[in-house]
Amino acid sequence: MKQVRPKKNLGQHFLTDLGIAKRIADTVDACPDIPVLEIGPGMGVMTQYLYVKEREFKCVEIDKESVAYLTEAFPRLRGGIIGDDFLRMDLNEVFSGRQFVLTGNYPYDISSQIFFKMLDNKDLIPCCSGMIQREVALRIAAEPGNKQYGILSVLIQAWYDTEYLFTVDETVFNPPPKVKSAVIRMTRNGRTDLGCDWELFRRVVKTVFNQRRKMLRVSLKQLIPDFKSDDEFFTKRPEQLSHKEFVMLTNRVSALL
């Protein structure tokens with residue numbers, strides 16, 4: 001069977017360590033009984049451990065060469081191999097509107113976009129796990145006051161409990177990436193309402209972190225040009241704010257718009 005050539009333009013780094021592949025595949029067990037969707041299976045190093053679990057499984061792969069390889073290597077999966085771009089898919093159609101776990105060895109260059117799409121479909125995806133660039137994993141799991149704390153931290157933690165599970169060395173990939181990787185898991189928390197408008201919340205978070213070194217009273221002028229306040233709260237910088245404080249900030253901005 002012809003091996004798949006990793007493609008730089010797709011950000012492909014194929015995991016070669018079977019032990020690590022199984023550890024990542026087993027992270028989906030924290031959210032049992034519902035289907036699993038794997039993104040970017042490549043040559044199926046994780047797929048071989050995922051599709052034998054006692055649950056419905058599908059994978060989505062944009063690379064036609066990988067789709068051909070997977071179809072030959074996993075004949076039982078032929079109906080479950082989706083040759084498409086995950087970022088363009090209607091996720092309601094994958095499992096007929098049912099919830100599912102999202103997992104994979106995510107391409108570094110689109111991992112943030114994948115998680116923003118997860119947030120757009122948060123009611124469909126109660127659990128997401130997988131491997132990403134270590135720097136991004138640290139940002140997702142970061143707490144207020146940490147220099148890694150940023151847009152991804154706040155938006156994901158609004159709806160998900162995050163776990164940094166373990167670090168993966170660059171030597172277990174073909175080709176080896178220039179950075180270390182990490183495995184994370186995000187599980188929906190019990191929150192059903194933020195206490196503010198979600199779209200405005202996203203807009204506020206992105207706006208103030210785009211000028212993360214400036215005080216809120218300065219960065220908020222991008223949303224409210226004539227914004228002024230003597231409240232000491234607005235002398236804070238975005239990395240100092242907790243989730244609850246971002247909710248409060250969003251509601252104060254809403255009252256001024």
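Descriptive notes on the structure:
- If R0 is 41 Å, the Cβ-Cβ spacing of SER254 and SER96 corresponds to a FRET efficiency of close to 0.65.
- When only alpha carbons are used to place a centre, segment 92-107 and segment 196-257 end up 33 Å from one another.
- Sulfur and carbon atoms: percent of accessible area, the chain [1.4 Å]: 47 percent
- Those residues of segment 39-66 whose amide nitrogen sits under 14 Å from the label point placed on LEU87, 7 Å along Cα→Cβ: 40, 62-63
- When DSSP beta bridges are restricted to pairs lying wholly in the chain, around 55% turn out antiparallel.
- Relative contact order (%) - segment 175-257, alpha-carbon pairs under 8 angstrom, separation at least six: 34 percent
- All aspartates and glutamates inside 20 Å of LYS228 as judged from Cα atoms, apart from same-chain residues fewer than 8 positions distant: GLU245
- For the chain, the Cys residues with no second cysteine's beta carbon closer than 4.7 Å are CYS59, CYS128, CYS196.
- Net +/- balance of residues flanking MET186 in space, Cβ distance below 11 Å, scoring K and R +1, D and E -1: +1
- Put a plus charge on the Cβ of each Lys and Arg, a minus charge on the Cβ of each Asp and Glu, and nothing anywhere else: the dipole of the chain about its Cα centre is then about 700 debye.
- Relative protection proxy for 139-147, 91-99, from highest mean packing down: 139-147, 91-99 (other beta-carbon atoms within 10 angstrom).
- Helices that extend 27 Å or more along their long axis by alpha-carbon positions and average at least 0.0 on the Kyte-Doolittle scale are absent among the DSSP H runs of the chain.
- Per residue solvent-accessible surface (Å²) - segment 1-129, probe of 1.4 Å: 47 Å²
The values are calculated or read from the model by the stated rules, or taken from the named source; none is laboratory data. As the structure is a computational prediction, the values presented were derived from the model and not from experiment. Neighbour counts run over all protein chains shown; Cβ positions are idealised from the backbone, glycine included. Calculation scope for accessible area: heavy atoms of the full protein, side chains included, ligands and nucleic acids excluded. Shrake-Rupley method; radii C 1.70, N 1.55, O 1.52, S 1.80 Å.
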